[in-house]
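The values are calculated or read from the model by the stated rules, or taken from the named source; none is laboratory data. Computed from a prediction, not measured in an experiment: that's the story for all the values here. Glycine gets a Cβ as well: all are built from the backbone with ideal geometry, and neighbour counts include every protein chain shown. Only protein heavy atoms, including side chains, enter the accessible area calculation; ligands, DNA and RNA are left aside. Shrake-Rupley method; radii C 1.70, N 1.55, O 1.52, S 1.80 Å.
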Amino acid sequence: TRGGRHGTGPQPAAQTTAVAANAIIHADAHLSGNGGTVSIWSSGNTLFAGTVTATGGSQSGSGGMVETSGHVLNVADSAMVNASATSGARGQWLLDPLNLTVVASSPIPDPTLTGGTLPYSDPSSTIKASTISNALMAGSDVTLQAVDDITVNSAINGSNTGRTLTLDAGRSIFINGSINMNGDVGTLVLSTSHPGETRTHPGAAVINSS
């Protein structure tokens, strides 16, 4: 993709980025060293359906950093991220769209690129709950970071992973499905209403859970 982490750096920024289901990106250390940084970023629509690994070395080294970001971000059911480390600190997967909804199943197909251009356009940002759970179980911390709102409409199971799941919303978090981070020192962080932001529903609770 074009553009560095968070869209910074001297590289030209992509307006649309798509990583197909049959695409594999490795930024792994081998015996020693930290996992690398993979930034899948665009200023508009980003579709991530492939596999990214940024693991630490088998003898020493921490996990790396994987970022999937866009004004609109869709993570297909086939997407997989592993930023784990066997002999160091675990790495992180960061998702950073305008708004983000956690769903039971992605509304978009898993695209496979066979040649030419991979078309993509979807007005909403979604990720399947089990995709988050799989990343936690693989050994990565996961951060869902939305400029405005995060909505959880399907249960996320991170129990017995010992990992950290962070929901960081500029305005509000709506929890309509359970989040289980029990056992093995699992951690859940909920952060909302950044300074200067307006809540979705003025006067309502910032974190709204049924």
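Filter the stretch 70-96 down to the residues that are among the β-branched types (Val, Ile, Thr) and open to solvent by 30 Å² or more (accessible area, probe 1.4 Å) and list them by number.
Of everything in the stretch 70-96, just one residue is among the β-branched types (Val, Ile, Thr) and open to solvent by 30 Å² or more (accessible area, probe 1.4 Å), namely 86.
Does the stretch 84-106 hold any residues that are over 19 Å from residue 129 (Cβ atoms) and in a loop (DSSP other than H, G, I, E, B), and which are they?
The answer is 84, 85, 86, 88, 89, 90, 91, 98.
Give me a count of the residues in the stretch 164-182 that are part of a strand (DSSP E or B) and polar (S, T, N, Q).
4
From the list 121, 130, which one is open to solvent by 30 Å² or more (accessible area, probe 1.4 Å), at pLDDT below 65 and in contact with a strand residue (DSSP E or B) (Cβ under 9 Å, 6 or more places away or on another chain)?
Only one candidate passes the filter, namely 121.
Quick test for you: out of 138, 155, 104, pick the one residue that is at pLDDT 90 or above and open to solvent by less than 50 Å² (accessible area, probe 1.4 Å).
One residue alone meets the criteria, 138.
Being open to solvent by 50 Å² or more (accessible area, probe 1.4 Å), part of a loop (DSSP other than H, G, I, E, B) and modelled with pLDDT under 55 is the filter; apply it to the stretch 183-210 and report the residue that is nearest to residue 140 (Cα to Cα).
210
Tell me which residues, restricted to the stretch 17-69, are of a type in the set (S, T, N, Q), crowded, with 18+ Cβ neighbours inside 10 Å and under 17 Å from the mean Cα position of the chain (by Cα).
Once the filter is applied, which keeps residues that are of a type in the set (S, T, N, Q), crowded, with 18+ Cβ neighbours inside 10 Å and under 17 Å from the mean Cα position of the chain (by Cα), the stretch 17-69 yields 17, 39, 42, 45, 46, 53, 55, 68, 69.
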